[in-house]
Amino acid sequence: MSEKSPGRSSSKPSSRSSNSRWWYGVAFFIGIFVIVQASYGILQLVSETQAGSPPSLVPSGPETGLLFLFSLLSVVATVLIGGLLAPLYSLCLYLDARALRQKDIDWIPNRVLWGGVAILHLGSFVFSAVQLITIPAGVAYLYKRHKEIGLE
């Protein structure tokens, strides 16, 4: 996944500061994904399925109505925001990996791997299940980035 550039001297002290802030967009989208999943889980807990065609969710009782409404609005808002900002995740992942490749640091992200993840994520406009691959890949990218050079 990573490679070292030829000609780099190991006697040079490595700079752990990358000065790239593009990773914020990746982290933002991961946060949106977590909020959607948590809100949807709460929505499922405080609702019941109503028989009919098509089946719909309704509050399970009057005491859960406000929580139901909040969860429903959270799911709708974050899905819309996440859907509209899907290119942001792809762009930020690509630009962060590119910025790190241009720095004199120890870890160089694999251009093909992370570029492929960025392109694949653009498919989430059409097929949202793609996020089940690209979001964990983004988490892995941020973890590897943090472990190797920090998030500074």
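The values are calculated or read from the model by the stated rules, or taken from the named source; none is laboratory data. Values in this document were obtained by computation on a predicted structure and should not be read as measured data. Positions of Cβ are generated from backbone atoms using ideal geometry, with glycine treated the same way; all protein chains shown enter the neighbour counts.
Criterion first (surrounded by fewer than 18 Cβ atoms within 10 Å (Cβ to Cβ), under 18 Å from GLY31 (Cα atoms) and among the aliphatic types (A, V, I, L, M)) does LEU151 satisfy it?
So LEU151 fits the description; yes.
Whenever a residue of the stretch 134-152 is under 15 Å from ARG101 (Cα atoms), its partners that are at pLDDT below 90 and surrounded by 13 or more Cβ atoms within 10 Å (Cβ to Cβ), lying with C-beta atoms within less than 6 angstrom and at least six residues away or across chains, give the pairs GLU148/TRP107; ILE149/SER18; ILE149/ILE105; ILE149/TRP107. Pairs meeting the criteria (first residue in the stretch 88-101 and in a helix (DSSP H, G or I), second residue modelled with pLDDT of 90 or more and of a type in the set (S, T, N, Q), beta carbons under 9 Å, at least 6 apart or on different chains) are TYR89/THR134; SER90/THR134; LEU93/THR134; ALA97/ASN110.
Of the residues VAL130, VAL79, the single one that is assigned to a helix (DSSP H, G or I), surrounded by 13 or more Cβ atoms within 10 Å (Cβ to Cβ), aliphatic (A, V, I, L, M) and in contact with a His (Cβ under 7 Å, 6 or more places away or on another chain) is VAL130. Filtering the stretch 45-70 to residues that are modelled with pLDDT of 70 or more and hydrophobic (A, V, I, L, M, F, W, C) leaves LEU45, VAL46, LEU57, VAL58, LEU66, LEU67, PHE68, LEU69, PHE70.
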